[in-house]
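Taken together, the values in this text are just the output of simple stated rules run on the coordinates, not laboratory data. Computed from a predicted model, the values in this text were never measured in an experiment. Note that each Cβ is placed from the backbone with ideal geometry, even for glycine, and that neighbours are counted across all protein chains shown.
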Amino acid sequence: MVKSERDNAETVGEIAFRQIRQDIISGALAPGSRIKLEQAKERYSVSVSTLREILSRLTAENLIVAEGQRGFQVSPASRRELLELADLRMLLECHAIGLSFAAGDLDWEARIVAAHHKLSAIERQLLEGDASRTVDWVRYDWEFHQALVSACNSEALMATLSSVFDRFLRYHLLAESFRGKPVVDDHRLLFELAMKRDVEGAREMLTRHVRNGAEHVLKSGRIR
């Protein structure tokens, strides 16, 4: 089937949307920096009108701040927002864990086993000093947490949790440090609790996991 010009334009726009969003989360677009439309247009190969639409979409996730006639700015990073995101993530993910553990079937268990296996392999390499695997760790970390709640049967909950997770993750990437063995131990315990369908144990573990992550970011001294 031949794609229309509109289909092609939407495809280019979606690619640019993902790239810009990823650049914000990774810190390639620094917190508080202004988005210069002409430069961004060239960087992401989209028109100014498409770029404005993308940035407007990102304001809905609080990744971009619209400044009226002054344009757009990458959302600043702050201690207050980090702690708010930690609280929101705990609320959403703990609720999703309860739903998922109750409804999860054998396929759900298999997703968790596979996700934890990949995450563990990357974490071993990071503990051995291979910092080049950090990008892979970011992806597999989300895949593991996503697998845990993947049987919650709520697309809205999953989408909201994904957005909050990414915004929380941005702070870890800004801190530029891997939390080491404690985070590996957290993931192993979460895996074991999921296999036992221990909802309360998993919620308690997740709460500590998120709080310790936020404390680690604040101790880095990169967030005020």
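Here LYS196 is the anchor, and the aspartates and glutamates within straight C-alpha reach of less than 14 Å, apart from those fewer than 8 places off in the same chain, are ASP105, GLU109.
Treating r as the C-beta distance of SER49 and ARG139 and R0 as 35 Å, the FRET efficiency rounds to 0.65. Among the trypsin sites (Lys or Arg not before Pro) found in the range 15-63, those both in a DSSP coil and sparsely packed, with 13 or fewer other Cβ atoms within 10 Å of their Cβ, are LYS36.
Taking a straight line from the alpha carbon of LYS118, these lysines sit under 17 Å away, with near neighbours fewer than eight places off in the same chain left out: LYS181. Note: relative contact order over the range 83-224, using C-alpha pairs below 8 Å and six or more positions apart, is 37 percent.
Taking amide H positions as modeled 1.01 Å from N, with prolines and chain starts lacking one, the residues under 5 Å from ILE64 and 5 or more places away or on another chain are THR59, SER75. Dividing the summed -39500 (n - 2.57) terms of all DSSP H runs of n ≥ 4 by the residue count of the chain sets its mean residue ellipticity at 222 nm at -24500 deg cm²/dmol.
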